[in-house]
Structure formats: C-alpha cells, structure tokens
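Only one structure is covered here, and it is reproduced in the block below.
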Amino acid sequence: MPYLLISTQIRLEAGPTMVGDEHSDPHLMSILGATKRSMLGNNFCEYYVNDAPRVVLDKLESLGYRVVSMTGVGQTLVWCLHRE
C-alpha cells in the first residue's frame, strides 16, 4: 500500500494517533506499534498508536513515506502520505 492516512483529534494532538484502517498492512502496523480497535457505534476497526502525530510522521519518514497533503476536517487533523 503506497498511500496511508493518519489523523488525530485537535484536542488530542499529543496522541493517540489513528494510523490505519482494518485493511492496512499488518506488518507496517506492527512496526508502528499500532493496535486494532473498534470504537463504540462503529462497524469497522482502526489502528491506533499512543504516540503524537509528529512521532508517527518521523517513524513513517524513516520508512520511506512522504507527506502529500495535510488538512483539518472539523476537529480532526489528517495527513496523507505516500511511499514510492
């Protein structure tokens, strides 16, 4: 998977950070130390790490990912990354 979305709530900029959905690469999620969980009311799972987004972005950069774009959606910050 060359594309990856990560996000965090603005009030939680120190973590946790959402780093993938239920279809994300399990090996990459393991490297990031992510755990899969389902939030109450959702019928899907997401991967989370307790790290701040900056720490996650640093880890992903060392793995060859680059930020393509970043935006705010309501109270959520979202980064789109790509790996060649």
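For the reader, a short list of remarks on this structure follows.
- Scanning the range 47-68 for residues that are under 9 Å from the mean Cα position of the chain (by Cα) and within 10 Å of A14 (Cβ to Cβ) turns up just one, P53.
- Hits in the range 25-57 (condition: among the polar types (S, T, N, Q) and either without any contact (Cβ under 8 Å) to a residue 24 or more places away in the chain or surrounded by 15 or more Cβ atoms within 10 Å (Cβ to Cβ) (or both)): S30, T35, S38, N42, N43
- Meets criteria (part of a helix (DSSP H, G or I), modelled with pLDDT under 90, basic (K, R) and on the phi < 0 side of the Ramachandran plot) for R11: yes
- Search result, residues across the range 1-24 that are within 14 Å of H82 (Cβ to Cβ) and either free of Cβ contacts under 8 Å to residues at least 24 places away in the same chain or open to solvent by less than 80 Å² (accessible area, probe 1.4 Å) (or both): P2, L4, I6
The values are calculated or read from the model by the stated rules, or taken from the named source; none is laboratory data. Quick caveat: nothing in here was measured; it's all calculated off a predicted structure. Ideal geometry is used to build each Cβ from the backbone, glycine not excepted, and the neighbour counts take in all protein chains shown. Side chains included, ligands, DNA and RNA excluded: accessible areas come from the protein's heavy atoms. Shrake-Rupley method; radii C 1.70, N 1.55, O 1.52, S 1.80 Å.
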